[in-house]
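Engineer: Take a look at the following structure, please.
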Amino acid sequence: MKVVYHPDHAHHDTPIVTWVGVPIHGDEPPARMELVRDTLAGLGHEIVTADAHDDTILHLVHDPDMVEYMRTAHAEWQRSGYQGEPGQPNVTAYAFPTEKMLHGLPLRRPRSRAALAGVWAMDTTTPIGPGTFRGARAAVDMAQTAAELVLAGAPSAYAACRPPGHHAGRGFFGGSCYLNNAAVATETLIHGGVGKVAVVDLDAHHGNGSQEIFWRRGDVFYGSVHVDPAEGWFPHFVGFADETGADAGIGCNLNVPVAPGSGDDEWLAALDRLIEGVSGFGPDVVVVSLGVDAAVTDENSPTMVTGDGYRRAGGAVATLGRPTVLVQEGGYDLETIGGLVAAALDGFEKSSA
Ligand SMILES: [Zn+2]
């Protein structure tokens, strides 16, 4: 399978993030995708360098004002002096205009850069560093290039992209995600003439950003298997089974939460339910949000999926028999991330043959 890569992802490197008010070491370093690239190259996959794209598709997915904010946020942060006092080098929100605070009142754009950060950010664990926009923009280019390969006739392509994207919505970012790579791949396909696209989200966590972006769409199905947010797992506030879409998108959203400690069989049974729903939708092309953080080796989830589980998951997606764009999402255990991605791709390709 062609593996789309671009070294510019490494410009995004924010080793310290703020969680429950405490600075902690983040777990989304550039090494993640360097390891994935090296593992896949070693197994004989062809590495393709991503092309650069203008913002046409990106602006179909995200509010152009948020994209522009993200592009300039760190330079403005430095100009505002927060690096010196209080000593925060990266853009980090501290106040959030919640729905209940506004309660119908207009949302203003504050002059303070620290306050403005809260207009677009949904959490404090997703800081904007000096190279964050360049890295996130490279991830978008990787997803877009993979979608273009499939549009050009490839049966499948994989984007080895980071930072991940599925928690980022039309006008918000968070959960280590800045720009929604899978949504960009989806819009690239639709823009290229594909009628119906299904997004199959295998990440351990619910892709609330992807769900929000496509919530009212009848031409895009979003489906996810993830650890039950009701059990206390990110993204906490959405991702429940009764969320099925709105307006033209009614019936085009399917969440299949699994209990902590599910293991392979329960997780794969949930995936089978998801695949059945996707099959009923009848997509022309499938986009996979391939997070491998449901793995037993990953501290970010309690789902306990093995490498063989990911291999079987790849095989389950292949039964849909559709051209498929695979986009990397989470996966944070550096010892196993390369092997887990390789297993999923191998399972997909063997069942596609
Ligand atoms: Zn995740």
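What follows draws every value from the coordinates through simple rules; no lab data is involved. Here the structure is a predicted model, which means the values were calculated and not measured. FYI the Cβ positions are ideal-geometry reconstructions off the backbone, even for glycines, and counts take in every protein chain you see.
Engineer: Treating only the Cβ atoms of Lys and Arg (+1) and Asp and Glu (-1) as charged, compute the dipole magnitude of region 242-348 about its Cα centre; round to the nearest 20 debye.
Structural biologist: The dipole magnitude comes to about 360 debye.
Engineer: So, with +1 on the Cβ of K and R and -1 on the Cβ of D and E, and no other charges, what is the size of the charge dipole of region 285-353 about its Cα centre, to the nearest 20 debye?
Structural biologist: With only Lys, Arg, Asp and Glu charged at Cβ, the dipole is about 440 debye.
Engineer: Would you mind working out the magnitude of the charge dipole of the chain relative to its Cα centre, with +1 at each Lys and Arg C-beta and -1 at each Asp and Glu C-beta, to the nearest 20 Debye?
Structural biologist: Roughly 880 debye for the chain.
Engineer: Mind ranking 237-248, 151-162 by how tightly packed they are, going by the mean number of other C-beta atoms within 10 angstrom, highest first?
Structural biologist: 151-162, 237-248
Engineer: Just going by the charge dipole of the chain, with Lys and Arg at +1 and Asp and Glu at -1 on Cβ, which of L334, V286, A93 is farthest out on the positive end?
Structural biologist: Farthest towards the positive end: A93.
Engineer: Listed highest first by mean packing, meaning other Cβ atoms within 10 Å per residue, what order do 278-290, 138-150 come in?
Structural biologist: In decreasing order of mean packing, 278-290, 138-150 become 138-150, 278-290.
Engineer: Now a separate question. Send over the semi-axes of region 275-353's equivalent ellipsoid, whole angstrom and largest first, taken as the square roots of 5 times the C-alpha gyration tensor eigenvalues.
Structural biologist: 23, 13, 11
Engineer: Binning every alpha carbon pair distance of region 169-249 at 10 Å from zero, what are the percents per bin?
Structural biologist: 18, 52, 27, 3, 0
Engineer: Go through region 117-133 residue by residue and turn each phi into a ³J(HN,Hα) via Karplus (6.51, -1.76, 1.60, θ = phi - 60°); whole Hz please, and just put x for glycine and proline.
Structural biologist: 4, x, 5, 10, 7, 9, 8, 9, 9, 10, x, 9, x, x, x, 4, 5
Engineer: Next question. Using every alpha carbon pair in the chain, what percent of pairs falls into each 10 Å bin from 0 up to the bin containing the largest distance?
Structural biologist: Bins of 10 Å from zero give 6, 27, 36, 23, 7, 1 percent of pairs.
Engineer: Right, another one. Could you give the nm distance between label points at E349 and D272, where each point is 7 Å from its Cα heading toward the beta carbon?
Structural biologist: Result for the modelled spin labels: 2.7 nm.
Engineer: Separation between the F237 and T98 pseudo-spin-labels, each 7 Å from Cα along Cα→Cβ, expressed in nm?
Structural biologist: For F237 paired with T98, the spin-label model returns 0.8 nm.
Engineer: May I ask you to compute the full-extension gain from V296 to D308, defined as 0.36 nm times their residue separation minus their alpha-carbon distance, rounded to one decimal in nm?
Structural biologist: Residue separation times 0.36 nm, minus the Cα-Cα distance, leaves 3.2 nm.
Engineer: Please report, in cubic angstrom per residue, the volume enclosed by the convex hull of the alpha-carbon atoms of region 307-353.
Structural biologist: Hull volume normalised by residue count: 64 Å³.
Engineer: Give me Rg over Rh for region 77-210, both radii from the alpha carbons and Rh done the Kirkwood way, two decimal places.
Structural biologist: 1.05
Engineer: Restricting to region 1-52, what percent of DSSP beta bridges are antiparallel, rounded to 5?
Structural biologist: 50
Engineer: If you count the DSSP beta bridges with both ends in the chain, what percent of them are antiparallel, to the nearest 5?
Structural biologist: Antiparallel bridges: around 15 percent, rounded to the nearest 5.
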